[in-house]
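The values are calculated or read from the model by the stated rules, or taken from the named source; none is laboratory data. All values reported here derive from a predicted model rather than from experimental measurement. Because the Cβ atoms are built from the backbone with ideal geometry, glycine has one as well, and the counts that use them run over all protein chains shown. Heads up: the accessible areas ignore ligands, DNA and RNA and are worked out on the full protein's heavy atoms, side chains in. Shrake-Rupley method; radii C 1.70, N 1.55, O 1.52, S 1.80 Å.
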Amino acid sequence: MGAHRDCPDTAMKEPPRPAHEDDRLQALRQLLILDTPPEERFDRLTAFAAQEFDMPIVLLSLIDEQRQWFKSRHGLDVCETARGISFCGHAILHDDTMVVPDAARDERFADNPLVTGDPHILFYAGAPLKMPGGQNIGTLCLIDRTPRQLDAIDLAILASLRDLAVEELVRRAGEEPAA
């Protein structure tokens, strides 16, 4: 891969929209969770994942039409980023965890402003949050500023934590008053 370009968006690959985007967005909206305050149940989960994996950044990311919004964030000050530059936008296209060992060497992300600038992402692992209807609405993701790998045990632990996050999302939705 060549040197980074001055214009980060020239080679970066924006995530395509999932085939059933309308259904996915409807499932996300039904949770009534976007732009809600932090909740301890999700913050405990991201803090635990950061400790378990020794990761500087762990996010519970939800993807709407234009952005990825962080319901819970550990190690990152911003509460959202544009969907077009999101790693999570790529991760929701698959059911398995998407692992990017070194984003600087991955053609989808090498020129991404999240790689070339703050927060300087090099490692990413995103486990899709699959709703009971089959829609991937976001991810539980691990981020590091150095290249890394995950082994099979790490992937299994991440999947278990992702499943806990999905259970909490569904449980939380059931607690909301009817509109």
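Annotations
- Qualifying residue in region 34-41 (condition: crowded, with 18+ Cβ neighbours inside 10 Å and on the phi < 0 side of the Ramachandran plot): no
- Scanning region 92-106 for residues that are of a type in the set (A, V, I, L, M, F, W, C) and out of contact with any Phe, Trp or Tyr (no Cβ under 8 Å at 6 or more places or on another chain) gives Ile92, Leu93, Ala104.
- Only a single criterion out of (1) farther than 18 Å from Leu76 by Cα; (2) open to solvent by less than 30 Å² (accessible area, probe 1.4 Å); (3) touching a strand residue (DSSP E or B) at 6+ places or on another chain (Cβ under 6 Å) is not satisfied by Val99, namely (2).
- Condition check for His94: surrounded by fewer than 17 Cβ atoms within 10 Å (Cβ to Cβ) and farther than 20 Å from Pro18 by Cα: no
- Only one entry of Arg44, Arg67 meets the criterion of being of a type in the set (Lys, Arg) and touching a residue at least 12 places away in the same chain (Cβ under 8 Å), and that entry is Arg67.
- If you go through region 25-51 and keep only what is within 15 Å of the chain's Cα centre (by Cα) and basic (Lys, Arg), you end up with nothing.
- Where a residue in region 101-116 is part of a loop (DSSP other than H, G, I, E, B) and its partner, wherever it lies, is at pLDDT 95 or above and acidic (Asp, Glu), with Cβ under 8 Å and at least six apart: none
- For Thr139, the conditions (1) polar (S, T, N, Q); (2) assigned to a helix (DSSP H, G or I); (3) closer than 13 Å to Val58 by Cβ are fulfilled apart from (2).
- Evaluating Gly133 against the criteria (1) open to solvent by 10 Å² or more (accessible area, probe 1.4 Å); (2) in contact with a strand residue (DSSP E or B) (Cβ under 8 Å, 6 or more places away or on another chain) leaves one unmet condition, (2).
- Pairs, first touching a residue at least 60 places away in the same chain (Cβ under 8 Å) in region 11-34, second open to solvent by 20 Å² or more (accessible area, probe 1.4 Å) and among the basic types (Lys, Arg), C-beta under 8 Å, six or more apart: Ala11/Arg5; Met12/Arg108; Lys13/Arg108
- Ala27 being open to solvent by less than 80 Å² (accessible area, probe 1.4 Å), closer than 15 Å to Arg162 by Cα and of a type in the set (A, V, I, L, M): no
- Picking from residues in region 1-24 that are open to solvent by 100 Å² or more (accessible area, probe 1.4 Å) and closer than 15 Å to Gly117 by Cβ, the one that is modelled with the lowest pLDDT is Arg5.
- Some residue of region 142-149 being within 14 Å of the chain's Cα centre (by Cα), loosely packed, with under 15 Cβ neighbours inside 10 Å and not hydroxyl-bearing (Ser, Thr, Tyr): no
- For region 107-117, the candidate set comprises residues that are open to solvent by less than 30 Å² (accessible area, probe 1.4 Å) and touching a Phe, Trp or Tyr at 6+ places or on another chain (Cβ under 9 Å); within that set, the residue that is nearest to Leu76 (Cα to Cα) is Leu114.
- Every residue from region 52-83 that is open to solvent by 10 Å² or more (accessible area, probe 1.4 Å), within 13 Å of the chain's Cα centre (by Cα) and of a type in the set (Gly, Ala, Ser): Ala82
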